Amino acid sequence: MRTILHADLNNCFASIESISHPEYRQIPFAVGGDEEMRHGIILAKNDCAKKFGIKTGEPLLSARQKCPELKVVKPNFELYDEYCTAVRNLYSEYTDQVEPFGMDESWLDTSGSISLFGDGIKIANELRRRVKKEFDLTISVGVSYNKIFAKLGSDYKKPDAVTAITPENYREIVWGLPVEELLFVGRATKAKLNRFGVKTIGELANTSENFLVTQFGKNGRMLYSYANGLDMSPVRKLSQAETIKSIGNSTTTPRDMENATDAKLIFNLLSEQVCRRLRKHRLKGSVVQIHLRSNDLTSFERQMQLNAPTDISSEVCKAAMELLLSNYNFALPLRSVGVRVTQLCDADTPVQLSFFTDSKHQEKLQKIEKIKDVINDRYGRYTICPAVILSDKTLFPEYDPATVTSCFKSH
């Protein structure tokens, strides 16, 4: 039988901030977004803040109403990534099968390490001790025979705890939990299951698999498998990168986008960011998808097929605008938008030439994009960017021409 661990850094962002600011540990403290940019939600909070009922994902306005003295700092993702990478490297001393799940969580398959380090519980406690000693952080660890129950175990008891879920005790521990505690059961799936009278994982486990497949398609079979402890998916090795299926970016703007001109400015920026990442991974995509959310928080997505795969930002932006203009009339202003490129292929994949495509112009655009990447990597990401962003600083206040000027003067 396999021995799978799921290790979760407790209050990750807030805990890392508290290392350099120990005074935060004694007060209600949270890492949050930028309220002025309307990204004002709680990203992480410490135990003192939890006592006031503050939750991850909650608007900062609501959190401050619960706790007026709440201390909030902006996130430092580079610092968090540095710590999380170091912790994963520690995990890799016990097994080469370490699969990240987000920045602060990892699965470990220690089945082959038992003869060296002891059983799963012993390894889990050893990891807890070392993470606390070497990084001044705490982890909660679930120990089980599959990834799903290991994840439930790490969530079951926090902070700084180990929970073992075995074939003998999983009905007692797991089946009484709310169905939304199961991995990948989101709000919509929970609501649909609840309508069928399925409110716990145990009730899900005892629901007919055929019925679940009828209602949820192939996801129904997955839900049945997860609830009954039948998942046998492997833990990937740390060196095995997951296949990238799409690349996208989205943003909530400082003010609502009231017309297509406003939206085009943001689509230009998002397309630049998406295509830069495509080129970084040597990928191109042939489907462009947009996500729109109006100021009443209603959202929807639309997509279109391109004539050929691309990593050129102007082509992605053009497709995004076509989708917008054919599907949205701005009866309500937009609060946020997103751009995503899917159906990816290797950048060197041969494509069928078209009589309607100017191949020389395409090559010229490719060269320009690559030159932009080199300059922006060296001098800063906004050194070369679409001139349209100069038209309205209220939508993109981060751009400062003086910064770009000083970059060129100093080099």
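Of note:
- Residue within the range 143-152 that is touching a strand residue (DSSP E or B) at 6+ places or on another chain (Cβ under 8 Å), part of a loop (DSSP other than H, G, I, E, B) and closer than 22 Å to Thr207 by Cα present: yes
- Tally of residues being part of a loop (DSSP other than H, G, I, E, B) and either of a type in the set (Val, Ile, Thr) or surrounded by 22 or more Cβ atoms within 10 Å (Cβ to Cβ) (or both) across the range 159-193: 4
- In the set (1) of a type in the set (Phe, Trp, Tyr); (2) over 30 Å from Gly118 (Cα atoms); (3) crowded, with 18+ Cβ neighbours inside 10 Å, the condition left unmet by Phe77 is number (3).
- Members of the range 289-302 that are among the polar types (S, T, N, Q) and surrounded by fewer than 16 Cβ atoms within 10 Å (Cβ to Cβ): Asn295, Thr298, Ser299
- The set of residues from the range 105-126 being within 20 Å of Ser239 (Cβ to Cβ) and surrounded by 14 or more Cβ atoms within 10 Å (Cβ to Cβ) comprises Glu105, Ser106, Trp107, Leu108, Asp109, Thr110, Ser111, Ser113.
- All of Ser286, Ser239 fail the test of being surrounded by fewer than 18 Cβ atoms within 10 Å (Cβ to Cβ), out of contact with any His (no Cβ under 7 Å at 6 or more places or on another chain), outside the structural domain of Thr110 (by TED's automatic domain parsing) and in a loop (DSSP other than H, G, I, E, B), apart from Ser239.
- Applying the criterion of at least 2 residues that are within 29 Å of Asn146 (Cα to Cα) and without any contact (Cβ under 8 Å) to a residue 60 or more places away in the chain to the helices (runs of 4 or more DSSP H) found wholly in the range 1-107 leaves 77-91.
- Taking (1) crowded, with 17+ Cβ neighbours inside 10 Å; (2) touching a residue at least 60 places away in the same chain (Cβ under 8 Å) in turn, Tyr156 satisfies each apart from (2).
- The set of residues in the range 341-369 being of a type outside the set (Ser, Thr, Tyr), part of a helix (DSSP H, G or I) and at pLDDT below 80 consists of Lys360, His361, Gln362, Glu363, Gln366.
- Residue satisfying all of: in the range 236-279; charged (D, E, K, R) and free of Cβ contacts under 8 Å to residues at least 40 places away in the same chain; nearest to Leu324 (Cα to Cα) among these: Arg277
- Ser233 vs. criteria at pLDDT below 90, more than 25 Å from Asp392 (Cβ to Cβ) and not assigned by TED's automatic domain parsing to the domain that holds Ala387: no
- Index of the failed condition, Phe101 passing every other in (1) modelled with pLDDT of 95 or more; (2) under 21 Å from Arg236 (Cα atoms); (3) not polar (S, T, N, Q): (1)
- Checking Thr138 against (1) over 18 Å from the mean Cα position of the chain (by Cα); (2) without any contact (Cβ under 8 Å) to a residue 40 or more places away in the chain; (3) farther than 30 Å from Leu334 by Cβ, the condition it does not meet: (2)
The values are calculated or read from the model by the stated rules, or taken from the named source; none is laboratory data. These numbers were taken from a predicted model, which means no experiment stands behind them. Glycine also receives a Cβ, built like all others from the backbone with ideal geometry; neighbour counts cover every protein chain displayed.
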